[in-house]
Amino acid sequence: MGFLACAVACSTSSGGADPGSASSGGSGSISAGGGAGVGGEADSVERCIDGGMPTGGETTDCPTLMPTGGTCCAKPGMACFYPGDETYRKLARCIDDPQYGPYWQATYALDRLECGLSGNIVKVIELGADALACSERETKPCDPQGLVTPQELLNDQFNKLVQKCGGLPNETSLEVRFTDGCATELRERGIDDDAARLSCIQQALDAVHFACADGLDCAAMEVSTLQ
């Protein structure tokens, strides 16, 4: 189904974590490679989260290449983007950690989600048949803040809409497909037999034009205890 949200993840391999990888969608941190120094003068020197020592020569600008997650950085708060593919960009953030010195966090920014639910077990609901024309619907504004992308905000707006209808049971996935910012199709995979819940979601989607979906195709959410 693709990845659903922008995970906060560190990578100890050069080039950062791929969005679909376990290191990118996991707990959001890597194991410390050494923590504080052992004995003597080293005890007073903060190590970076990978166990390395600051050199004092760390750049205050974005490195030319994606830095390795967990290595030392010099300017907390700095964010640097690097090429990914048509769906995401790699993102390195300089994190000021109270336990370690500033370090690079390797993650990604989700730019476009590709819908992928299919098969006999997927329920398909066509949307918009009894709704107002897309141009006549109430518009949900799109104003992503900070490093949040329009796709990530759209996913969040869809999630909140579903939560207002009661949320989803475990082991259930939902995708909604858009044309010109309005929902055209809802796909569900899972064990949800609550017709009232799906009707609520359908009516809510039929009422809104999502400004964040202009130029995008899909939003999705998943509830699972198996991940």
Do you know which residues across the stretch 175-216 are among the aliphatic types (A, V, I, L, M) and touching a Phe, Trp or Tyr at 6+ places or on another chain (Cβ under 8 Å)? Val176, Ala183, Ala213, Leu216
Which listed residue, of Gln157, Gln145, Gln163, is closer than 28 Å to Glu86 by Cβ and free of Cβ contacts under 8 Å to residues at least 24 places away in the same chain: Gln145
Test Ala32 against the stated conditions and say whether it is aliphatic (A, V, I, L, M), at pLDDT below 80 and more than 28 Å from the chain's Cα centre (by Cα). no
Name every residue in the stretch 70-92 that is in contact with a Phe, Trp or Tyr (Cβ under 9 Å, 6 or more places away or on another chain), free of Cβ contacts under 8 Å to residues at least 40 places away in the same chain and of a type in the set (D, E, K, R), in order of residue number. Arg89
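Yes or no, residue by residue, for (1) part of a loop (DSSP other than H, G, I, E, B); (2) in contact with a Pro (Cβ under 8 Å, 6 or more places away or on another chain); (3) modelled with pLDDT under 80:
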{"site": "Ser13", "(1), (2), (3)": "yes, no, yes"}
{"site": "Ala17", "(1), (2), (3)": "yes, no, yes"}
{"site": "Thr55", "(1), (2), (3)": "yes, no, no"}
{"site": "Trp104", "(1), (2), (3)": "no, yes, no"}
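Within the stretch 60-81, which residues are over 10 Å from Cys94 (Cβ atoms), over 21 Å from the mean Cα position of the chain (by Cα) and of a type in the set (Gly, Ala, Ser)?
Within the stretch 60-81, no residue meets the criteria.
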Looking at the stretch 176-227 only, could you name the residues that are closer than 14 Å to Ala133 by Cα and either assigned to a strand (DSSP E or B) or within 19 Å of the chain's Cα centre (by Cα) (or both)? Phe178, Thr179, Cys182, Ala183, Thr184, Val208, His209, Phe210
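Determine, yes or no, whether Glu188 is farther than 18 Å from Asp111 by Cα and surrounded by fewer than 17 Cβ atoms within 10 Å (Cβ to Cβ).
So Glu188 fails the test.
Suppose we keep only residues that are loosely packed, with under 14 Cβ neighbours inside 10 Å and closer than 19 Å to Lys90 by Cβ within the stretch 140-158. Which one would you say is nearest to the chain's Cα centre (by Cα)?
By that ranking, first place goes to Leu147.
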Which one is surrounded by the most Cβ atoms within 10 Å (Cβ to Cβ), of the residues in the stretch 106-139 that are modelled with pLDDT of 95 or more and farther than 21 Å from Asp217 by Cα? Ala106
Quick check on Leu168: is it crowded, with 20+ Cβ neighbours inside 10 Å, assigned to a loop (DSSP other than H, G, I, E, B), under 22 Å from the mean Cα position of the chain (by Cα) and of a type outside the set (Asp, Glu)? yes
Can you pull out the residues in the stretch 109-129 that are more than 26 Å from the chain's Cα centre (by Cα) and among the charged types (D, E, K, R)? Glu126
If Ser224 satisfies every condition in (1) in contact (Cβ under 8 Å) with a residue 40 or more places away in the chain; (2) closer than 25 Å to Glu86 by Cβ but one, which is the exception? (2)
How many residues does the stretch 68-99 contain that are of a type outside the set (Gly, Ala, Ser) and over 18 Å from Leu147 (Cα atoms)? 7
Quick one: in the stretch 121-131, which of the residues that are touching a residue at least 24 places away in the same chain (Cβ under 8 Å) and out of contact with any Leu (no Cβ under 7 Å at 6 or more places or on another chain) is farthest from Ala92 (Cα to Cα)? Asp130
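The values are calculated or read from the model by the stated rules, or taken from the named source; none is laboratory data. No experiment lies behind these values; they were computed from the predicted model shown. Because the Cβ atoms are built from the backbone with ideal geometry, glycine has one as well, and the counts that use them run over all protein chains shown.
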